[in-house]
Amino acid sequence: MLQPLPIDARIDEIRDAVGAAGCAVLVAPPGAGKTTRVPPALLGAGPLLLLQPRRVAARALARRIAAERRWTVGREIGWQVRHERRFAKDTRLLVATEGILNARLIADPLLAGFATVVLDEFHERSLHADLALALVRQALAARDDLRVVVMSATLDATPVAEFFGGCPVIELSGRPHPVEVR
């Protein structure tokens, strides 16, 4: 049984928005569950490529999702980072770093093997992330069946949504915690 997370109540809304518009921008606070819950929820359309900017985080994320879903790393879920890859031909959810995503986009500009691309932690802007965003937008324009989700904890979502031609923005507020001022 999965531990309940704040994003769980919005998964159907996210899935529906991405299905209807082909893209969405998701803003949710740290710990809401966007990184571990949204990508597996979008696998119904087919294989998914999840961008995770840092190598250590990419490997840890793949392990965490595998543990939550009782999947095997290297089978249902895998990762590809600089000098290391752990996935199979039939891996459905691949976690990759920015350089790997860009290399894949250059080799295959349409990302033919994937139905969905999720750009996670997009507030951690870099040249690689911006290039990936531009290349993914070109692939989205060329493919009717490609879906894109941009996720962040602190992103100003409006410019990114406009960059993709008016994607829906889904915002999840944080959990309130009592604060005592002395």
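Rounded to whole numbers, the Karplus 3J(HN,Hα) couplings from phi for segment 109-119 are x, 9, 6, 4, x, 10, 9, 9, 10, 10, 9 Hz, using 6.51 cos²θ - 1.76 cosθ + 1.60 with θ = phi - 60°, and x at Gly and Pro. Shape of segment 1-97 from the C-alpha gyration tensor: prolate (a/c of 1.5 or more and a/b above b/c, with a ≥ b ≥ c the square roots of its eigenvalues). Taking amide H positions as modeled 1.01 Å from N, with prolines and chain starts lacking one, the residues under 5 Å from ILE170 and 5 or more places away or on another chain are VAL25, LEU26, VAL27. Scanning the chain for long hydrophobic helices, with DSSP H runs required to stretch 20 angstrom or more by C-alpha along their axis and to average at least 0.0 on the Kyte-Doolittle scale, returns 127-142.
Tell me the label only: which of (i) -0.54, -0.96, -1.34; (ii) -0.58, -0.85, -1.22; (iii) -0.43, -0.82, -1.36 is log10 I(q)/I(0) by the Debye sum over Cα atoms at q = 0.11, 0.15, 0.19 Å⁻¹ as calculated from this structure? Read-out from the structure maps to (iii). When only alpha carbons are used to place a centre, segment 141-182 and segment 1-68 end up 12 Å from one another. Computed with a 1.4 Å probe over protein heavy atoms only, the accessible area of PHE164 comes to about 30 Å².
Taking the DSSP bridge list for the chain and keeping only pairs wholly inside it, about 10 percent are antiparallel. Within the accessible area of the chain, the carbon and sulfur atoms contribute 53%, probe 1.4 Å, all protein chains present. Taking every C-alpha pair closer than 8 Å and separated by at least 6 residues, the mean separation divided by the residue count of the chain gives a relative contact order of 31 percent. Take the chain with all the other protein chains still there, run a 1.4 Å probe, and you get 52 Å² of accessible area per residue.
Subtracting the Cα-Cα distance of ASP12 and ARG69 from their residue separation scaled by 0.36 nm leaves 18.7 nm.
The values are calculated or read from the model by the stated rules, or taken from the named source; none is laboratory data. Since the structure is predicted, the reported quantities are computational estimates derived from the model, not experimental observations. Accessible surface areas use protein heavy atoms only, side chains included; no ligands, DNA or RNA. Shrake-Rupley method; radii C 1.70, N 1.55, O 1.52, S 1.80 Å.
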